[in-house]
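Participant: What follows is a structure written as structure tokens; I'll ask about it next.
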Amino acid sequence: MSDGIQIQTQSLSKNFGSVVALKNLDLAVRKGSIFGYLGPNGAGKTTTVRILSGLLKPTSGNATVCGYDVHTERNAIKRVTGLLPESPGLYSKLSAVEFLEFIGALNNLSGESLHKRIDSLLGILGLEGRQNDLLESYSSGMKQKVLVASTVLHEPELVFLDEPTSRLDPAASVLVREIILAMAKETDTTFFICTHMTDFAEDVCEVIGILNQGILTTLGSPNEIMEQTGTTELEDAYLKIVGGEIDRDTLLSWRQ
Ligand SMILES: Nc1ncnc2c1ncn2[C@@H]1O[C@H](COP(=O)(O)OP(=O)(O)OP(=O)(O)O)[C@@H](O)[C@H]1O
Ligand SMILES: [Mg+2]
């Protein structure tokens, strides 16, 4: 692994039958940085995350994650990374505390230090008082908060978050943003975040990659991308890059 680079990919590609989900991705993500991955529905973001977190084999190309090979060392990658999946499963017959104890045990954490960590994360996320209720009784945003807590609980050196703020209310999104920023600063954790929230990405991410139809079309800091596109907000830059503007007549053309 080159010094300070935690994710390095070369011509990484994934096909599902005739669908090209990811095409020749060349990307380097620096240790301790916060990388934002943007792109329209179906662009290939989740596919990339699934390959880089050791869940899915690429069709071709190479990548190393924390120094481990995505072809041959997928178990090691799973061990040293954390993943908040796009559609996570959750043990609904466990309470939040029991679920986090279980995740802690899977990562060789136990005892007082684990409980302190669980208490503090649940406190920060505003779930104290509900921590012993079964997860099946939680709202979808409350479940999402528990899942965010479970992803960072063992302080992995690299965390993949696939749309961490979907389902969260604005205040909870801000909290998750603060947790990410604090962890990146205090613990040198690297974050790889898929998001549709351009405001969130502009605030949090040092480097942004925009993927469109499996191809990485743009890479740079939010400021660089805004400068290149002559915009002052990342949302406008994004819309210029991926398109998405449609004229008013076309919008209601299905009625004719
Ligand atoms: N298991 C699968 N089998 C077949 N096709 C798949 C599979 N997973 C993803 N694809 C296809 O790969 C392409 C990329 O999907 P992916 O889920 O990576 O997109 P995404 O950028 O995460 O989109 P979204 O923003 O909607 O989450 C899509 O065309 C999708 O249909
Ligand atoms: Mg996705």
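Participant: What is the one condition in (1) in contact with an Asp or Glu (Cβ under 9 Å, 6 or more places away or on another chain); (2) of a type in the set (G, A, S); (3) open to solvent by less than 30 Å² (accessible area, probe 1.4 Å) that A149 does not satisfy?
Facilitator: That leaves (1) as the condition not met.
Participant: Considering only segment 157-178, state which residues are in contact (Cβ under 8 Å) with a residue 40 or more places away in the chain, under 13 Å from the mean Cα position of the chain (by Cα) and more than 16 Å from ligand 1 (Cβ to nearest atom).
Facilitator: L158, V159 - these are the residues of segment 157-178 that are in contact (Cβ under 8 Å) with a residue 40 or more places away in the chain, under 13 Å from the mean Cα position of the chain (by Cα) and more than 16 Å from ligand 1 (Cβ to nearest atom).
Participant: Right, another one. Can you work out which of the residues in segment 195-207 that are among the aliphatic types (A, V, I, L, M) and more than 16 Å from ligand 2 (Cβ to nearest atom) is nearest to G42 (Cα to Cα)?
Facilitator: Step by step, filter segment 195-207, then rank; the result is V207.
Participant: If I go through segment 38-50 residue by residue, how many of them are over 13 Å from the mean Cα position of the chain (by Cα) and either surrounded by fewer than 23 Cβ atoms within 10 Å (Cβ to Cβ) or of a type in the set (V, I, T) (or both)?
Facilitator: 3
Participant: Can you name the residue in segment 18-37 that is closer than 19 Å to T64 by Cβ and under 15 Å from the mean Cα position of the chain (by Cα) and is also nearest to ligand 2 (Cβ to nearest atom) among such residues?
Facilitator: Looking at residues that are closer than 19 Å to T64 by Cβ and under 15 Å from the mean Cα position of the chain (by Cα), I get Y37.
Participant: Looking at T231, T218, can you tell me which residue is surrounded by 15 or more Cβ atoms within 10 Å (Cβ to Cβ) and within 25 Å of N24 (Cβ to Cβ)?
Facilitator: Step by step, each of T231, T218 is checked, and only T218 is surrounded by 15 or more Cβ atoms within 10 Å (Cβ to Cβ) and within 25 Å of N24 (Cβ to Cβ).
Participant: Related question: Does L134 satisfy the condition of being open to solvent by 30 Å² or more (accessible area, probe 1.4 Å), more than 16 Å from ligand 1 (Cβ to nearest atom) and of a type in the set (A, V, I, L, M)?
Facilitator: In short, yes.
Participant: From T46, T64, T81, T72, which residue is at negative phi and within 15 Å of ligand 1 (Cβ to nearest atom)?
Facilitator: Result of the check over T46, T64, T81, T72: T46.
The values are calculated or read from the model by the stated rules, or taken from the named source; none is laboratory data. Since the model is a prediction, treat every value here as computed from it, not as a measurement. When we count neighbours, we look across all protein chains shown, and the Cβ atoms used for this are built from the backbone with ideal geometry, even at glycine. Heads up: the accessible areas ignore ligands, DNA and RNA and are worked out on the full protein's heavy atoms, side chains in. Shrake-Rupley method; radii C 1.70, N 1.55, O 1.52, S 1.80 Å.
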